[in-house]
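Single-structure report; data block below.
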Amino acid sequence: MLTKLQAKVFFLGGTAVFFGIFLVLTIDTHLKVPFQTNAKDITSAVIAGKRIWESNNCMGCHTLFGEGAYYAPELTKVVENRGKDWLKVFIKNPAAMFPGQRKMVHYNFTDEQIDHVIAFLEWCGRVDLNGFPAEPPLRDALQAMGTPTGVVASNGPTPLQKPVPAVFTTGTCIGCHQIQGQGGAAGALIGAPPLDDVFRRKTRDQIIEWISDPAKVKPDTKMPKLVGIAITDAQVIEIADWLVSLNPETAAPTAAPAPAAQPK
Amino acid sequence: MKFQSQKIAYWFFAAAMLLLVLQVVYGFIMGFARIGMDGLHGWIPFNTARAVHTNLLVVWLLLGFMGSAYFIIPEEADRELMWPKLAWVQLISFLVVGVIAIVGYHFNYWEGRKFLEIPRPLDYLVVINVLAFLANIGLTIWNGKRYTTTAIVLYFGLLAAALLYLPGMIDFDNQTLDSFYRWWVVHLWVEGVWELIMGALLCYLLIKLTGVDREVVEKWLYIIVGLTFLSGILGTGHHYYYIGAPRYWLMIGGIFSALEPLAFLGMAIYALSMAKKGGRRHPNKAALNWTLGSAIMSFVGAGFLGFAHTLPQVNMYTHGTLVTAMHGHMAFWGAYAMINLAMIAYVLPILTGRKLWDNAASSYAFWLSNIGMVAMTGAFAVAGITQVNLERRMGLDFLAVQKEIEIHFVGLILAACLFFLGICLYIYNFWRHGLPTDEAAQSDVRAAEDLPTVS
Ligand code: HEM
Ligand code: HEM
Ligand SMILES: [Fe+2]
């Protein structure tokens, strides 16, 4: 059996060897991290955003790179998933975007500070994390089984293809809804349907009524009231007009003003 | 107790008990917030509650370690503490820094890095404080009549813990590097040098409680801490999988962290076999329960539950979910909370001369807190596994999944009540011991231990 001295040598020797290896790997990591994290893109805005992130302890509720607390969503890919415009509106007043949900702190950031936070999160989203967060392996299987993730498919005319007006981006809709194949990555999961075919379910007036105050139509809805936060009353009309204009059946008269205007 | 200056340990322990209660109170605040009862959000938002909860944990454990060192070192070195007054200054200033930090967290004053939330200026004060502590016990050992392995391992554990605090204070603009060095503190503490401290305390308790020959106990101590560093240093890699560090960490971290449970397994086998071998059955059953309990629960919480999510293939999905919280609770409890409670259970009768070690309160304290903690771990486990499956594997929305698992937090709170009852009983027993007395200080250790039990 080992003597006490041998045991001591095992301890000291093992520690020295493995700590040595650890130091070498640390140096190597230092040399590689700048490339893996696109360190050249760490602008002053990103640094300022990181300081805001730290001085408010956002990590005390959220995870970033999977590190932090488990009370609020993982934020590594949030810019990609939600879009910058959505984030700008959200951070100004978190409770307005998720009424009745678990609470985030309401910070009184300036627009510049919000830009910094977003720049930081955007940089984080592009770091090569060796595959994290993984694509959910069972998502496709579930969808193939026809399990709806909140989106109810409906039959009807195929919506038209058109460029998406800016209001859908600035108004944050695209953060939750898929429109013309864009956006909606995270919103589909809380049951925000793609908006292209909304004309099959709602008339122009119903759309206006809905957007103006979703909770009035459906009290337990997860869609926030965005009028006054991200869009104006006039934009509600603009949105509704555009959404119904995607209906190929009614589109011809309204959607083709240009040819109609040509005198024969 | 042989030396007057050992009495200071009592006050470190008393402060630790107070902070433990506060820690649990903030744990309840978070538990209730998670079932929608977040009425305190305006004053104590979740991030405040969490920072207070985890920092109090670390502070009370450190106070426990320091108190234990102030008790053990004079005895092992066979002389009075170098500067008993400095120990008092150190205790009070440590508490003051802690209180400022914790009050600060309620006013958004912090550094915002998990477990290292203490703002920078206070970091420096902590460093000075710990230096004073290390100087005090270091010089006591240096000027002592004998050097024992237990004392040396304990000292180097504490010294290394202090040194490893420093990398956590370097500032980086790159989040990945920031996180890289945060783990030098967090991981190399709990899965490295704190294990040295735990090993030394365990060793001391086993020598005292089982009467097995010091040479044998200390030989195994070296082997166990050898295993700890052999696996634990490169095992740090299990935190480098997905933070933007090179891919080779998946392999290195995976292999070496998978070996980490060996050290904990070694610790459990070591404690149990020494207890079995020990000829002298010490009357302080409570201390022996906590000692063996710590060796076993740390294997379950750190070794077994740590292993459960340490392989990169698994960690890809469990990383940053409640599965981590499940492991964190039982690991900290088993390894570090219980070893401190074991030290306290052993030391108090000696300091106060009252042998309250064989009564209903002390055994209920042990069983209720442990059953409560196992149940809490179960609640976190069910919540965590459900979260992993629904959110990470099926791709459902975070908040929707949280709604689904809310019910498990009702379970968590119920389990926590049981746990807290155990803690209250422990503290009640602590209080019944009264203050350290000079008569106890004069009587020899062995003589004190042979006295008949009173309750
Ligand atoms: C007493 C010893 C231990 C304690 C107190 C402990 C505690 C903790 C804590 C608090 C965390 C969360 C850290 C953070 O996110 O900042 C953590 C994470 C982790 N621990 Fe331990 N641990 C111990 C031992 C172990 C062992 C032996 C293993 C492996 C066999 C292990 C594997 C892990 C892993 C893989 C994570 C990362 C989880 C994630 O990706 O979110 N731990 N541990
Ligand atoms: C008895 C009542 C307790 C309750 C209700 C409780 C609850 C909680 C909650 C809700 C969290 C936050 C998890 C999240 O981020 O969502 C947490 C974190 C934590 N608690 Fe407790 N806790 C209690 C006691 C304890 C005890 C006794 C210990 C240590 C021995 C402990 C150690 C920790 C640690 C280490 C973390 C951080 C975990 C991580 O980051 O993975 N807690 N606790
Ligand atoms: Fe670790």
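The values are calculated or read from the model by the stated rules, or taken from the named source; none is laboratory data. Predicted model only: the values in this text are computed from it and were never measured. So basically every Cβ, Gly included, is an ideal-geometry build from the backbone, and we count neighbours across all protein chains shown. In case anyone asks, the SASA skips ligands and DNA or RNA and just uses the protein heavy atoms, side chains included. Shrake-Rupley method; radii C 1.70, N 1.55, O 1.52, S 1.80 Å.
Which of the DSSP-defined H helices in chain B satisfy a minimum axial length of 30 Å, computed from C-alpha atoms, and a minimum mean Kyte-Doolittle hydropathy of 1.0?
Numbers: long enough: B:8-34 (40 Å, 1.80); B:46-77 (45 Å, 0.92); B:84-105 (32 Å, 1.80); B:120-142 (32 Å, 1.37); B:214-235 (31 Å, 1.08); B:360-387 (39 Å, 1.04); B:398-432 (48 Å, 1.38).
Membrane-span-like by this criterion, though nothing is claimed about a membrane: B:8-34, B:84-105, B:120-142, B:214-235, B:360-387, B:398-432.
Find the Cα radius of gyration of chain B, compare it with 2.2 N^0.38 Å by division, and give the number to two decimals. Can you show the working numbers first?
Details: Rg = 21.5 Å, N = 455, 2.2 N^0.38 = 22.5 Å.
So chain B has a normalised radius of gyration of 0.96.
Once Lys and Arg get +1 and Asp and Glu get -1 on their Cβ, which of A:I42, A:T250, A:L23 lies farthest toward the positive end of the dipole of the protein assembly as shown?
The residue sitting farthest along the positive end of the dipole is A:L23.
Computing the accessible area with a 1.4 Å probe over protein heavy atoms, can you report the carbon and sulfur percentage for the range A:39-125? List each step's numbers first, then the result.
Values: 1830 of 3330 Å².
Answer for the range A:39-125 is 55 percent, counting heavy atoms of protein chains only.
Would the range B:325-366 count as rounded, prolate or oblate if I go by the C-alpha gyration tensor, calling it rounded below 1.5 in a/c and otherwise prolate when a/b exceeds b/c, oblate otherwise?
Details: a/c = 5.51, a/b = 2.04, b/c = 2.70.
Oblate, since a/c reaches 1.5 and b/c is not below a/b.
Could you rank the peptides B:52-59, B:412-419 by their average count of other C-beta atoms within 10 Å per residue, with the highest value first?
Working: B:52-59: 22.2, B:412-419: 20.4.
The peptides rank, most packed first, as B:52-59, B:412-419.
By how many degrees, 0 to 90 and rounded to 10, does the Cα axis of helix A:111-126 deviate from the longest principal axis of chain A?
70 degrees
Using a 10 Å cut-off on Cβ atoms, rank the peptides B:307-313, B:292-298 from the highest mean neighbour count down.
Numbers: B:307-313: 17.7, B:292-298: 24.9.
Going from most to least packed, we get B:292-298, B:307-313.
From the Cα gyration tensor of the range A:39-125, with a ≥ b ≥ c the square roots of its eigenvalues, which class applies: rounded if a/c is under 1.5, or else prolate if a/b is larger than b/c, or else oblate? List each step's numbers first, then the result.
Details: a/c = 1.56, a/b = 1.30, b/c = 1.20.
Prolate, because a/c is 1.5 or more and a/b exceeds b/c.
Rolling a 1.4 angstrom probe over the protein heavy atoms, how many square angstrom per residue are accessible across the range B:300-374? Walk me through the numbers before you get to the answer.
Details: 2110 Å² over 75 residues.
Roughly 28 Å² per residue, with all protein chains present.
Could you tell me, in Å, what Rg and Dmax come out for the Cα atoms of the protein assembly as shown?
Over the protein assembly as shown's Cα set, Rg and Dmax evaluate to 29.4, 118 Å.
Using a 1.4 Å probe on protein heavy atoms only, how many Å² of accessible area do B and A hide from each other, summed over both chains and rounded to 100?
Numbers: alone 19100 and 16900 Å², together 29130 Å².
Result for this pair: about 6900 Å² buried.
Report ³J(HN,Hα) in whole Hz for each residue of the range A:58-66, in order, from the Karplus equation J = 6.51 cos²θ - 1.76 cosθ + 1.60 where θ = phi - 60°; Gly and Pro get x.
Coupling constants for the range A:58-66: 4, 5, x, 10, 9, 9, 9, 6, x Hz.
Need the C-alpha centroid separation for the range B:298-377 versus the range A:204-246, integer Å.
Cα centres, the range B:298-377 to the range A:204-246: 53 Å.
Looking at the range A:159-243 from every direction and averaging, what is the projected area of its Cα convex hull in nm²? Write down the numbers at each step before the final one.
Working: hull surface 20.4 nm².
That works out to 5.1 nm².
Using only Cα atoms and rounding to the nearest 10 degrees, what angle (0 to 90) does helix A:233-244 make with the longest principal axis of chain A?
Helix A:233-244 sits roughly 80 degrees off the main axis of chain A.
What does the accessible area of B:T148 come to, in Å² to the nearest 10, when a probe of 1.4 Å is used?
10 Å²
Counting other Cβ atoms within 10 Å, keep those with at most 14, restrict to DSSP loop, and tell me which trypsin sites (Lys or Arg not before Pro) in the range B:268-313 are left.
Numbers: sites: B:K276, B:K277, B:R280, B:R281, B:K285; in loops: B:R280, B:R281.
Answer in residue order: B:R280, B:R281.
Compute the acute angle (0 to 90°) between the alpha-carbon long axis of helix A:44-55 and the principal axis of greatest extent of the alpha-carbon atoms of chain A; round to the nearest 10°.
The answer is roughly 70 degrees.
Order of A:211-222, A:56-67 by packing, highest average Cβ count within 10 Å first? Let's see the in-between values first.
Numbers: A:211-222: 14.2, A:56-67: 22.8.
The peptides rank, most packed first, as A:56-67, A:211-222.
In the Gaussian network model of chain A, springs joining C-alpha atoms below 10 Å, which of A:V79, A:V24, A:V46 carries the largest mean-square fluctuation?
The residue with the greatest mean-square fluctuation here is A:V24.
So, with +1 on the Cβ of K and R and -1 on the Cβ of D and E, and no other charges, what is the size of the charge dipole of the protein assembly as shown about its Cα centre, to the nearest 20 debye? Can you show the working numbers first?
On the way: 53 positive and 51 negative charges, 229 e Å.
Using Cβ point charges on Lys, Arg, Asp and Glu, the protein assembly as shown gives about 1100 debye.
Mind checking the range B:37-87 for chymotrypsin sites (Phe, Trp or Tyr not before Pro) that DSSP puts in a loop (not H, G, I, E or B) and that have at most 11 other Cβ atoms within 10 Å?
Numbers: sites: B:W43, B:F46, B:W60, B:F65, B:Y70, B:F71; in loops: B:W43.
In loop regions of the range B:37-87 (DSSP not H, G, I, E or B), the sparsely surrounded chymotrypsin sites (Phe, Trp or Tyr not before Pro) are B:W43.
With unit charges on the beta carbons (Lys and Arg positive, Asp and Glu negative) and the dipole taken about the Cα centre of chain B, which residue among B:A361, B:F304, B:L341 sits farthest to the positive side?
Selected residue: B:A361.
So what is the accessible area of the range B:160-208 per residue, in Å², with the probe set to 1.4 Å? It would help to have the intermediate numbers written out before the result.
Working: 1010 Å² over 49 residues.
I get 21 Å² per residue for the range B:160-208.
So how far, in whole Å, is the C-alpha centre of the range A:18-84 from the one of the range B:189-220?
When both Cα centres are located, 38 Å separates them.
Suppose we take every Cα in the range B:77-194 and form the convex hull; what volume per residue is that in Å³?
Details: hull volume 11.6 nm³, N = 118.
Per residue, the Cα convex hull of the range B:77-194 comes to 98 Å³.
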